[in-house]
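The values are calculated or read from the model by the stated rules, or taken from the named source; none is laboratory data. Everything numeric in this text was worked out from a predicted model, so none of it was measured. Cβ coordinates were reconstructed from backbone atoms using ideal geometry, including for glycine residues, and neighbour counts include every protein chain displayed. Remember, those area values only see protein heavy atoms, side chains included, never the ligands or the DNA or RNA. Shrake-Rupley method; radii C 1.70, N 1.55, O 1.52, S 1.80 Å.
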Amino acid sequence: MSRIAHPAGPRHGEVLPADHPPAPPAELNALHPGIWPRGARRDGGVLTIGGADVRELAERFGTPLYVCDEQDVRSRCRDYTDAFGPDDRVCYAAKAFCCRAMLRWVSSEGLGVDVCTGGELEVALSAGVPPRQITMHGNNKAQGELARAVGAGIGHVVADSFEEIARLAFLAEDAAVTPNVLVRVTTGVEATTHEFMATAHDDQKFGFSLASGAADEAVRRVIACPDLNFAGLHSHIGSQIFDTAGFEVAAHRVVGLAVRIRDEHGIDIAELDLGGGFGIAYTRDDDPPAAKDVAQSLRGIVDAQCAAAGLPRPRLTVEPGRAIAGPSTVTLYRVGTVKDVDGLRTYVSVDGGMSDNIRTALYDADYECALASRASSAPPMLSRVVGVHCESGDIVVRHAWLPADLAPGDLLAVPATGAYCRSLASNYNHVPRPAVVAVGDGAPREIVRRETLDDLLALDVG
Ligand SMILES: Cc1ncc(COP(=O)(O)O)c(C=O)c1O
């Protein structure tokens, strides 16, 4: 049995898996810019993040471990607030990664916070996010969640169904408050992304369809209700989008509705929320647009569409989640076994897997990874990084080029795991969820503690 080592990439005639892996990188130890947190470096071959040595982090906090570069998060918040400027609004979509420290950071950088459940709302309130800066989404908010949101005086509720408009009207009258309501519009745009990350095509659960006239009717009902303030329109076309063409079509259609609202009700919409979805780099082949380009493009689209329709320009809101949280974090894993499957590749088993990163299994997501605990001059070895779970689909990195001298005990780092990894983590196979450690601002500290088996057993009350 020998490991497949490719000094210069796959050779002619060699048996390789059907799903073609990328060519090995020229320099295995190099940290490709754009994928790693801004505070990531190699120091004598060892990965450091925000000045913290990953070997010490693993020793102190255990593995798997999410290591989050606070300064990376803060700098990306500033990229967005600078790009959109004071007249428009940036809200962090908490679903990407939600804990009190994270929501405090984004809030202190001037971002609002989007929540989509009562749980996320409670985290935001307990983190001290000003209620007026909170927007609540969700296609099936429970009466109790709506009551808490309205009672706390949150800034906006995004209405997603006729039932919800009726519930909101009842709650508002009861509480003698007038919540600001945005109507979520399904624009029929087919976003260029994975099927499960597209949210504006007609056949899905979110929002009111433009095509069927439901969106016009929803606006009518909100406006007719004296206890609700119709604040404007909301559209979110999907996630991990690189191309602004979908936003252009969505904005065009939403502005069309705004014109009908003006004609029917004599109201100019005050706010237009175009949602989030701005893509990030997971591998060196990804080339997402910078925040300033996203802002220039979206602002340009809205300005042009409003000018063409003769509408005053509403305040624009965007809701990036992944683009704020995603690039900040790497997951550290300890290698447990290195198994050659002759003629195919080497399977590297680490101590986490689909319970801390379901994105590979759920979305076919691609990641890169690197040996983090030391440098190596060994040739690249085609590997698949897999987890501890009883599933052959338990893959962390489908195609990884790792040094051929990789051995049990080494630390691997997978970058760009700050969004939709901890927040989608599970206890599958009774694996406790990893801790999240913040680095880059003083001493490394846990911001979400590691679960223990006792935590899991405590829930088992049978
Ligand atoms: C309404 C809404 N806003 C914002 C987001 C954030 O998307 P992303 O993290 O891709 O920016 C989502 C994600 O699903 C969403 O549903």
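Has segment 403-412 got at least one residue that is in contact (Cβ under 8 Å) with a residue 60 or more places away in the chain, touching a helix residue (DSSP H, G or I) at 6+ places or on another chain (Cβ under 6 Å) and within 16 Å of the ligand (Cβ to nearest atom)? Within segment 403-412, none of the residues are in contact (Cβ under 8 Å) with a residue 60 or more places away in the chain, touching a helix residue (DSSP H, G or I) at 6+ places or on another chain (Cβ under 6 Å) and within 16 Å of the ligand (Cβ to nearest atom).
How many of the residues in segment 134-155 are in a helix (DSSP H, G or I) and crowded, with 19+ Cβ neighbours inside 10 Å?
Of the residues in segment 134-155, the ones in a helix (DSSP H, G or I) are 143-152.
Checking which are crowded, with 19+ Cβ neighbours inside 10 Å leaves us with 145-146, 149-150.
Residues that pass the stated criteria total 4.
Just one of the listed residues (Asp293, Asp263) is closer than 20 Å to Gly321 by Cβ and either more than 16 Å from the ligand (Cβ to nearest atom) or surrounded by fewer than 17 Cβ atoms within 10 Å (Cβ to Cβ) (or both), namely Asp293.
For Cys116, the criteria (1) touching a Gly at 6+ places or on another chain (Cβ under 8 Å); (2) within 11 Å of the ligand (Cβ to nearest atom); (3) open to solvent by less than 10 Å² (accessible area, probe 1.4 Å) hold in every case but one, which is (3).
Residues that are of a type in the set (A, V, I, L, M), more than 8 Å from the ligand (Cβ to nearest atom) and either under 30 Å from Ser108 (Cα atoms) or assigned to a loop (DSSP other than H, G, I, E, B) (or both) within segment 306-323 comprise Leu311, Leu316, Val318, listed in sequence order.
Looking at Gly300, Gly277, which one is of a type in the set (Gly, Ala, Ser) and within 11 Å of the ligand (Cβ to nearest atom)?
Exactly one residue qualifies, and that residue is Gly277.
The one condition from (1) assigned to a strand (DSSP E or B); (2) at pLDDT below 95 that Gly343 does not meet is (1). In the set (1) closer than 30 Å to Val350 by Cβ; (2) open to solvent by less than 40 Å² (accessible area, probe 1.4 Å); (3) touching a residue at least 40 places away in the same chain (Cβ under 8 Å); (4) charged (D, E, K, R), Lys95 fails one condition alone, (2). Selection within segment 156-200: residues that are open to solvent by 30 Å² or more (accessible area, probe 1.4 Å), modelled with pLDDT under 80 and touching a strand residue (DSSP E or B) at 6+ places or on another chain (Cβ under 8 Å). The member of this set that is nearest to the ligand (Cβ to nearest atom) is Thr193.
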